[in-house]
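**Student:** Encoded as structure tokens, here's the structure I'll be asking about.
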Amino acid sequence: MSVLIATLGGSEDVVKLGVRKMENVDKVILIAGKPLNEIYKDSEIKKGTIIINPVQKAHELKKLLEDFYIKVEIHEVNPFDFIECLNKTIELIQSEPDKDKAVNVTGGTKTLSLAAHSAAWMCGCRAFIILEKGTGVAIKEEFPIPAAGYLDRISKQMKRILARLLMIENALGRAIKECDDEQMRSFITRNIASSLGVEPQSIIPSLRVMESDRLIQSRRGAIKRGEPFRGKTGVKIWWLTDEGRIYATLFNRKMVQK
């Protein structure tokens, strides 16, 4: 049995075709773009624009596919936010580790489709697009999956650090830019190392390499010293860049399992 992950925009037909073209589908995961009026203010939407609701179409498609005993999940994204769409697709691909799976990138905005294709490439997952020939016949065009050799240059320790920073950031419950030094205690070198069960000195080379590769960023800070000491001590605070979050999302599940 297999899992189909599909991007969805204004037409559910491309998803139906994808189900027909892919063998033994018993689960479909729909990545539906939110409608324009949920993303932008009315004043920002061009007058006369027809508002399409892919989420509504997803629920209609869910009812249809479930009549054929196909399990359906629906996930909503901002279809104009590349990073959000990329991270969500990676998470969904990683959530089905032992399944034969493929990503149908035909539907949705260009941003959503390209993000889904990028996620499939990064995860080594099959991806395809539905093309219609002039005769009206639809074909499934599979994309090649090149070896992502550059990912091998990110060491195991770096992957663990990225995954840990992502977990800490998600648990923070607020944007990094809204936090003061005290709220960023978990992001200092000593505490990152402690959460990984290693000495601080052992991760500093990896932190510096990842900062130069723009996967993480840092700043100097100062936090209160513990009792019986008074005053503050200088610290280095590290957190993920947007690009770093992408890789951290990719590595997170595997690193946590280890």
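Bear in mind that the values in this text are calculations on the coordinates, not laboratory data. Note that the structure is a prediction, hence the values are computed from the model and not measured. Using ideal geometry, Cβ is built from the backbone for each residue, glycine included, and neighbour counts are taken over all protein chains shown.
**Student:** What 222 nm value per residue comes from the helices of the chain, counting each DSSP H run with n ≥ 4 as -39,500 (n - 2.57) and dividing by all residues, nearest 500 deg cm²/dmol? Provide the component values of the computation, followed by the final result.
**Tutor:** Working: 9 runs with 107 residues, N = 258.
Value at 222 nm, helices only, nearest 500: -13000 deg cm²/dmol.
**Student:** Place a point 7 Å from the Cα of Asn24 along the Cα-to-Cβ direction; which residues of the stretch 84-116 have their backbone N under 14 Å from it?
**Tutor:** Those under the cut-off are 98-102.
**Student:** Are there trypsin sites (Lys or Arg not before Pro) in the stretch 98-138 that DSSP puts in a loop and that have at most 14 other Cβ atoms within 10 Å, and which ones?
**Tutor:** On the way: sites: Lys99, Lys101, Lys110, Arg126, Lys133; in loops: Lys99, Lys133.
Here the trypsin sites (Lys or Arg not before Pro) that fit, given the DSSP loop and packing criteria, are Lys99, Lys133.
**Student:** How many Lys pairs in the stretch 152-257 lie less than 16 angstrom apart by Cα atoms, where the lysines are 8 or more positions apart or on different chains? Don't jump to the answer; show the numbers that get you there.
**Tutor:** Values: Lys156/Lys254; Lys159/Lys254; Lys177/Lys236; Lys224/Lys232; Lys224/Lys236.
Value for the stretch 152-257: 5.
**Student:** Something else now. Limiting things to C-alpha atoms, what are the Rg and the maximum Cα-Cα separation (Dmax) for the chain, in angstroms?
**Tutor:** Taking only Cα atoms of the chain, I get Rg and Dmax of 21.8, 81 Å.
**Student:** Which whole number of Å³ per residue matches the convex hull of the alpha-carbon atoms in the stretch 152-257? Walk me through the numbers on the way to the answer.
**Tutor:** Working: hull volume 11.7 nm³, N = 106.
Dividing the Cα hull volume of the stretch 152-257 by its residues yields 110 Å³.
**Student:** Are there any GluC sites (Glu not before Pro) in the stretch 1-88 that are in a DSSP loop and have at most 14 other Cβ atoms within 10 Å? List them by number. Kindly include the intermediate steps, with their values, before the conclusion.
**Tutor:** Details: sites: Glu12, Glu23, Glu38, Glu44, Glu60, Glu66, Glu73, Glu76, Glu84; in loops: Glu12, Glu23.
Within the stretch 1-88, the qualifying GluC sites (Glu not before Pro) (loop, at most 14 other Cβ atoms within 10 Å) are Glu23.
**Student:** Counting only other residues whose beta carbon sits under 12 Å from that of Val77, what net charge do I get with K and R as +1, D and E as -1? Let's see the in-between values first.
**Tutor:** Working: positive: Lys34, Lys88; negative: Glu38, Glu76, Asp81, Glu84, Glu91.
Local net charge: -3.
**Student:** Let me ask something else about it. What does the extension gain come out to for Glu44 and Asn170, with contour length at 0.36 nm per residue minus their alpha carbon separation? Walk me through the numbers before you get to the answer.
**Tutor:** Working: separation 126, 0.36 × 126 = 45.36 nm, distance 3.06 nm.
My answer for the length gained is 42.3 nm.
**Student:** Find the all-direction average of the projected area of the Cα convex hull for the stretch 77-119, expressing the result in square nanometres with one decimal place. Provide the component values of the computation, followed by the final result.
**Tutor:** Values: hull surface 10.8 nm².
Projected over every direction and averaged, the Cα hull of the stretch 77-119 covers 2.7 nm².
**Student:** Within the chain, what is the longest stretch that has no chymotrypsin sites (Phe, Trp or Tyr not before Pro) placed in a DSSP loop and near at most 16 other beta-carbon atoms within 10 Å? Spell out each step's value before the answer.
**Tutor:** Values: sites that count: Tyr40, Phe68, Tyr69, Phe80, Phe229.
Looking at the chain, 81-228 is the longest stretch - no exposed chymotrypsin sites (Phe, Trp or Tyr not before Pro) with at most 16 other Cβ atoms within 10 Å.
**Student:** Pulled fully out, how much extra length does the chain show between Asp213 and Glu66, if you take 0.36 nm times their separation in residues and subtract their Cα-Cα distance?
**Tutor:** Working: separation 147, 0.36 × 147 = 52.92 nm, distance 4.55 nm.
Contour length minus Cα-Cα distance gives 48.4 nm.
**Student:** Please sort by residue number the trypsin sites (Lys or Arg not before Pro) in the stretch 182-218 whose DSSP state is loop and whose Cβ has at most 16 other Cβ atoms within 10 Å.
**Tutor:** Details: sites: Arg185, Arg190, Arg208, Arg214; in loops: Arg214.
Here the trypsin sites (Lys or Arg not before Pro) that fit, given the DSSP loop and packing criteria, are Arg214.
**Student:** Hey, which aspartates and glutamates would be in cross-link range of Lys34, C-alpha to C-alpha under 19 Å, not counting anything within fewer than 8 residues on its own chain?
**Tutor:** Once the sequence-local aspartates and glutamates are set aside, what remains near Lys34 is Glu12, Asp13, Asp42, Glu44, Glu60, Glu73, Glu76, Asp81, Glu84, Glu91.
**Student:** While we're here: Among DSSP beta bridges whose residues both lie in the chain, state the antiparallel percentage, nearest 5.
**Tutor:** Numbers: 15 of 37 bridges.
Rounded to the nearest five, the antiparallel share is 40 percent.
**Student:** To continue, here is another question. Give me the distance between the Cα centres of the stretch 40-60 and the stretch 71-109, rounded to whole Å.
**Tutor:** Centre-to-centre (Cα) distance: 20 Å.
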